[in-house]
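Below: one structure, written as structure tokens.
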Amino acid sequence: MASDKYIIRQVKDITTGKYTKWQIGLTGEPLNRKAQLGNPLTWLHWKADSEQEARNVERFFLDKGLLGTGATHGPGLYVFILKPE
């Protein structure tokens, strides 16, 4: 499991500030959610320490311009990002 600060650092490093090219979301079942979203080639996810920390990460990046992927599926303990192809 990871803190919101750790996940934020990871996402910043991966997206290199090109936030509008990425999407972010929360889920309780990352592999099922990945399949629902068409199995994107560029997909990463992290298990947050708590659902609140996951929500903190999502809110931080939505405010920076990452697009959301819709409603949370199940308890949103996992934060995921994807890059649509």
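Each reported figure results from applying straightforward, stated rules to the coordinates on display, with no laboratory input. Keep in mind it's a predicted model, so treat the numbers as computed, not measured. Cβ atoms come from the backbone with ideal geometry, glycine included; neighbour counts cover every protein chain shown.
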Seminar exercise, completed: Once the in-chain neighbours fewer than 8 apart are removed, the aspartates and glutamates whose Cα is under 15 Å from K18 read D63, E85
Exercise. Which far-off residues, 5 or more places away or on another chain, put their amide H under 5 Å from the one on W22, with H placed in the peptide plane?
Worked result: L67
Seminar exercise, completed: For Cα extents along the principal axes in Å, with candidates [x] 30, 27, 18; [y] 43, 24, 20; [z] 52, 19, 19, the value calculated from the shown model is option [x]
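Out of all DSSP beta bridges in the chain, what portion is antiparallel? Express it as a percent rounded to 5. If you can, show how the numbers build up before the last one.
Values: 11 of 15 bridges.
Antiparallel: roughly 75 percent of the beta bridges in the chain.
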Problem set entry | Label-to-label distance, nm, for residues given as K21 and T42 (7 Å Cα→Cβ offset) | 0.5
Seminar exercise, completed: Quick calc, the stretch 4-83, dipole around Cα centre from Cβ unit charges on Lys, Arg (+) and Asp, Glu (-), nearest 20 debye, gives 320
